[in-house]
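K.L.:
Input: one structure, supplied below.
The values are calculated or read from the model by the stated rules, or taken from the named source; none is laboratory data. The structure displayed is predicted, hence computed values, not measured ones. Because the Cβ atoms are built from the backbone with ideal geometry, glycine has one as well, and the counts that use them run over all protein chains shown.
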Amino acid sequence: MIYFKLFFEFFKTGLFAVGGGLATVPFLAAMGDKMAWFTKAELANMIAISESTPGPIGINMATYVGYTVAGIPGSIVATLGEITPSIVVIMIVAGFLKKFKDNAYVKAAFEGIRPMVVGLISSAVLGIFTSSVIFLDKYKESGNIYDLFDLRILIIFVSIYFLNKKFKLHPAAWIGLGALVGVVLGL
Amino acid sequence: MICLELFIKFFKIGITTFGGGYAMLPILEREIIDKKNWATKEEILDYYAVSQCTPGIIAVNVATFVGYNKAGILGGIFATLGVVCPSILIITLIAAFIQNFASYAIVKSAIRGLSAAVCAVVIASVIKMGKSAVKDLFGIILMLCGFVLAYFTKISVIIPVLFATILGIIRGRGFRK
C-alpha cells in the first residue's frame with residue numbers, strides 16, 4: 001500500500017533529519033534511489049519550487065514528493081508522516097520544560113543556550129546573505145568581482161532594511177515589495 | 001476556540017514564510033510576540049534552540065512548541081497543521097498545473113527581489129533577538145563561539161548547544177555561591 005510506505009518513509013525522514021528542512025534533502029535523495037519514486041532531476045526541480053513558493057522549504061518538499069508519488073492524498077500523507085515525529089518529540093520536550101521552567105539549573109542552562117543560539121542563527125543568516133544579497137558561490141566559481149554583487153539587489157536589501165526599521169509594516173509587506181521590485185527590474 | 005485561533009495564526013505565518021525556519025523568525029516576532037504576546041523573545045529563542053537539536057523541520061518544531069505552550073497537545077497539533085496547510089495547497093496546485101514554475105523568468109526575478117527582502121527583515125529580527133539574549137561578555141563569547149563553529153565547521157549544532165548548557169549551569173551555580 002503506497003500510502004503506508006509514503007508515510008513510513010517520511011516518518012523516518014522527520015525522525016532522523018536534525019537541523020531543519022535542508023537537512024532532509026539527503027534523505028529525500030536516498031528515498032528517490034531506493035524506492036524509484038522520482039529521479040535526481042525531478043528532485044532538483046522539486047527543491048527549486050519549494051524554495052520559490054510560500055511555506056517552510058522542508059514541508060514544501062515533503063508535499064511535492066508526496067504528490068509526485070501518489071497525488072493529493074500522497075501529498076497529505078507524506079507531510080503528516082514528516083511532521084508526526086516532530087510533534088511527538090517537541091511535545092515531550094515542551095512538557096518537560098514547562099514542568100522545570102523555574103528550576104535553577106534549567107534557567108541557568110538557557111542563559112547559556114540563548115546567546116549560543118543567536119550565534120548559530122547568525123551563521124545561518126550569513127549563509128542566506130551570501131547567497132541572496134551577495135553571490136559568494138558565483139564569485140568563487142568565476143573569480144570575477146562583478147559576479148559577487150548586483151547593485152540592484154544591494155539597493156533592494158539596504159532600502160528594505162532601513163524602511164523596515166523606520167516603518168512598522170508587516171514583514172510580509174516588505175517581502176512582497178521585494179518581489180515586486182524584482183519583477184519590475186527584471187532581476 | 002484557541003485552537004482555531006492558533007490554526008489561523010500559523011496558517012498566516014506559513015503562507016508568508018519564504019525559505020526555511022529562519023525566514024519565519026520576523027513573521028513570528030510580529031505575529032506571536034508583538035501582536036499576540038503568546039511568547040517572549042527569550043522563549044522564541046529557546047524554541048529555536050530546542051528545534052535545531054531535535055529531529056524535524058525547524059518551522060514545524062517551533063509551531064508545535066508555541067501551540068503546545070498556549071493550549072496543550074491539541075494546541076500543538078492545530079498550530080502545526082496551520083503552518084503546513086498553505087504548503088499542501090500551494091504545492092499541490094503547482095505540481096498539478098505548473099511543473100516548470102521555477103524556470104519562469106518572472107518567477108526568478110520575483111524570487112531574487114524577495115530573497116534580498118527576506119534577508120533584510122531576518123537580519124533585523126536576529127539583531128533584536130540578539131540584543132535581548134546577549135547581555136554581557138559571557139554572552140558575547142558564547143555567541144561568537146556559536147557563530148564560528150556553525151559557519152566554519154561542519155559539527156552538529158547539538159555540540160555547541162550542549163557546551164552552552166554546561167557553561168550556563170556552571171556559571172549559574174558559581175554566582176549563587
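K.L.:
Can you run down the residue pairs with Cβ atoms below 9 Å, 6 or more apart or on separate chains, where the first is in the stretch A:166-187 and touching a residue at least 40 places away in the same chain (Cβ under 8 Å) and the partner is part of a helix (DSSP H, G or I) and not hydroxyl-bearing (Ser, Thr, Tyr)?
P.N.:
none
K.L.:
Among the candidates B:Ala102, B:Ala95, B:Ala150, single out the residue that is under 20 Å from B:Asn61 (Cβ atoms), at the interface with chain A (Cβ under 7 Å from one of its Cβ atoms) and modelled with pLDDT under 95.
P.N.:
Numbers: B:Ala102 fails: under 20 Å from B:Asn61 (Cβ atoms); B:Ala95 fails: under 20 Å from B:Asn61 (Cβ atoms).
When all the criteria are applied, what remains is B:Ala150.
K.L.:
Look through A:Thr53, A:Thr13, A:Thr79, A:Thr63 and report the one residue that is within 10 Å of another protein chain (Cβ to nearest Cβ), free of Cβ contacts under 8 Å to residues at least 12 places away in the same chain, buried (at least 21 other Cβ atoms within 10 Å of the Cβ) and β-branched (Val, Ile, Thr).
P.N.:
A:Thr53
K.L.:
Tell me which residues, restricted to the stretch B:39-72, are assigned to a loop (DSSP other than H, G, I, E, B) and in contact with a Gly (Cβ under 9 Å, 6 or more places away or on another chain).
P.N.:
We begin by selecting, within the stretch B:39-72, every residue assigned to a loop (DSSP other than H, G, I, E, B); these are B:39-40, B:54, B:57.
Across the stretch B:39-72, the qualifying residue is only B:Ile57.
K.L.:
Exactly one of these conditions fails for B:Ile8: (1) touching a Phe, Trp or Tyr at 6+ places or on another chain (Cβ under 8 Å); (2) farther than 24 Å from A:Phe129 by Cβ. Give me its number.
P.N.:
All conditions are met except number (1).
K.L.:
A follow-up question, please. Name the residues in the stretch B:128-139 that are at the interface with another protein chain (Cβ under 7 Å from one of its Cβ atoms) and part of a helix (DSSP H, G or I), would you?
P.N.:
Within the stretch B:128-139, B:Met129, B:Gly130, B:Ala133, B:Gly139 qualify.
K.L.:
Condition first: loosely packed, with under 13 Cβ neighbours inside 10 Å and closer than 13 Å to B:Ala116 by Cα. Now tell me which residues in the stretch A:130-161 satisfy that. Please lay out each step first, then the result.
P.N.:
First, the residues of the stretch A:130-161 that are loosely packed, with under 13 Cβ neighbours inside 10 Å: A:137, A:140-146, A:151.
Passing the criteria: only A:Leu151.
K.L.:
Continuing with the same structure: Hey, B:Thr80 hits all of (1) in a helix (DSSP H, G or I); (2) over 30 Å from A:Lys168 (Cα atoms) but one; which does it fall short on?
P.N.:
(2)
K.L.:
So if I check each of B:Ser125, B:Ser109, which one is of a type in the set (Ser, Thr, Tyr), within 7 Å of chain A (Cβ to nearest Cβ) and over 17 Å from A:Ile57 (Cβ atoms)?
P.N.:
Answer to the check: B:Ser109.
K.L.:
Also, quick follow-up: Anything in the stretch A:33-50 that is crowded, with 18+ Cβ neighbours inside 10 Å and outside any helix (DSSP H, G or I)? List them, or say none.
P.N.:
Selection gives A:Trp37, A:Phe38.
K.L.:
Please verify whether the stretch B:40-62 includes one or more residues that are more than 9 Å from every other protein chain (Cβ to nearest Cβ) and crowded, with 20+ Cβ neighbours inside 10 Å.
P.N.:
Yes, the stretch B:40-62 contains at least one residue that is more than 9 Å from every other protein chain (Cβ to nearest Cβ) and crowded, with 20+ Cβ neighbours inside 10 Å.
K.L.:
What number goes with the only condition from (1) more than 7 Å from every other protein chain (Cβ to nearest Cβ); (2) farther than 19 Å from B:Leu162 by Cα that B:Ala117 does not pass?
P.N.:
Exception for B:Ala117: condition (1).
Let's see how each residue does on (1) over 29 Å from A:Val106 (Cα atoms); (2) under 20 Å from the mean Cα position of the chain (by Cα):
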position: B:Lys9; (1), (2): yes, yes
position: B:Arg30; (1), (2): no, yes
position: B:Lys36; (1), (2): no, yes
position: B:Ala96; (1), (2): yes, no
position: B:Ile106; (1), (2): yes, no
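K.L.:
May I pose another question? State whether one or more residues within the stretch B:164-174 are touching a Ser or Thr at 6+ places or on another chain (Cβ under 8 Å), crowded, with 21+ Cβ neighbours inside 10 Å and at the interface with chain A (Cβ under 7 Å from one of its Cβ atoms).
P.N.:
Scanning the stretch B:164-174 turns up no residue that is touching a Ser or Thr at 6+ places or on another chain (Cβ under 8 Å), crowded, with 21+ Cβ neighbours inside 10 Å and at the interface with chain A (Cβ under 7 Å from one of its Cβ atoms).
K.L.:
Take the residues in the stretch B:77-112 that are in contact with a helix residue (DSSP H, G or I) (Cβ under 6 Å, 6 or more places away or on another chain) and among the hydroxyl-bearing types (Ser, Thr, Tyr), then tell me which one is surrounded by the most Cβ atoms within 10 Å (Cβ to Cβ).
P.N.:
Restricting to residues being in contact with a helix residue (DSSP H, G or I) (Cβ under 6 Å, 6 or more places away or on another chain) and among the hydroxyl-bearing types (Ser, Thr, Tyr), the top hit is B:Thr80.
K.L.:
Something else: Taking the stretch B:1-38 only, how many residues are assigned to a helix (DSSP H, G or I), more than 8 Å from chain A (Cβ to nearest Cβ) and out of contact with any Ser or Thr (no Cβ under 8 Å at 6 or more places or on another chain)?
P.N.:
Final tally of qualifying residues: 16.
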